[in-house]
1. For the chain, what relative contact order do you get, as a whole percent, if you take Cα pairs closer than 8 Å and at least 6 residues apart?
2. Using alpha-carbon positions, what is the distance between the centroids of region 17-40 and region 130-184, in Å?
3. Report the full-extension gain for the segment residue 163 to residue 216: residue separation times 0.36 nm, less the Cα-Cα distance, to one decimal in nm.
4. For each of 236, 289, count neighbouring Cβ atoms within 10 Å of the residue's Cβ, then give the residues from fewest to most.
5. Taking other Cβ within 10 Å of each residue's Cβ, how do 305, 79 sort, fewest first?
6. How far apart, in nanometres, would the label points at residue 36 and residue 117 be if each is projected 7 angstrom from Cα along the Cα-to-Cβ direction?
7. So how do 122-130, 89-97 stack up, highest first, on mean other-Cβ count within 10 Å?
8. Based on DSSP, what percent of beta bridges with both residues in the chain are antiparallel, to the nearest 5?
């Protein structure tokens with residue numbers, strides 16, 4: 001009889017029962033999945049991005065299917081951080097096994113700092129994931145995550161007020177994601193997560209118009225996985241803080257790839273649209289894979305790619 005697999009991992013001081021986490025934007029505020037997923041069987045979930053004020057998001061169409069994934073331009077629609085704290089957090093605290101990671105964003109540094117200040121007073125949150133892929137309106141729309149100076153300033157400002165670990169979600173739309181990860185680490189990030197979606201465009205050849213109302217959107221799904229795995233490996237080699245990998249994970253074997261490349265944990269996003277139970281299914285599948293391959297503790301896989 002095979003030994004039980006230790007599925008626990010430690011991420012920036014937070015202990016997770018599994019390295020498989022539900023990604024932001026695909027899991028709502030968490031409460032929507034209470035009757036669908038056994039929370040104690042997954043590592044946790046990242047909330048929909050939370051802003052200082054409520055946001056309605058972009059016009060439709062804002063999600064389209066692609067050959068191996070999807071393009072979305074939701075526009076960060078959310079209820080606002082105060083409504084989240086007042087209306088969702090009390091319910092989340094009562095959900096057995098739920099490890100809540102709050103995704104934070106803003107269009108100025110002051111916005112991000114204020115969102116974290118509000119969340120600091122809310123019990124039940126394990127850590128923050130800072131979305132660095134937003135345009136800074138105070139600097140002519142330059143995206144935080146593509147400018148080293150802006151990214152460093154943003155991470156430093158938010159880390160200064162955060163009372164919980166701060167994980168920075170990096171944009172892949174840069175020349176060197178390893179360099180951006182080093183900037184985040186130097187500014188105080190406790191972990192980094194990557195990759196966010198790739199900027200993309202799809203055109204309806206009959207109408208000759210963009211298929212997304214916003215013109216461009218973010219590409220996710222299996223199409224981006226090999227690039228995401230490569231970027232995770234580059235970042236793992238460049239920093240000492242934990243790395244969380246994401247991008248096209250639909251099977252347990254996909255998660256194993258990211259772990260071998262250097263990830264401490266992984267996030268599952270687009271797969272949840274095809275199967276709302278995907279996060280739990282992948283977490284269970286990862287346990288079985290480890291058992292079948294003689295892996296006694298899943299953390300042994302991190303960075304264990306053979307040369």
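1. Working: 717 pairs, mean separation 63.3, N = 307.
Dividing the mean separation by the residue count of the chain yields 21 percent.
2. Value for the Cα centre distance between the two parts: 25 Å.
3. On the way: separation 53, 0.36 × 53 = 19.08 nm, distance 3.56 nm.
Going from the current span to full extension adds 15.5 nm.
4. Details: 236 24, 289 19.
With the sparsest Cβ surroundings first, the list reads 289, 236.
5. Details: 305 14, 79 17.
Ascending number of Cβ neighbours within 10 Å: 305, 79.
6. Using points 7 Å along Cα→Cβ, the separation is 3.5 nm.
7. Values: 122-130: 20.8, 89-97: 14.3.
Top of the packing list down: 122-130, 89-97.
8. On the way: 19 of 46 bridges.
About 40 percent, rounded to the nearest 5.
Coordinate-derived values only; no laboratory data. Just so we're clear, the structure is a prediction, and the values are computed from it rather than from any experiment. Please note: Cβ atoms are built from the backbone with ideal geometry, for glycine as well, and neighbour counts cover all protein chains shown.
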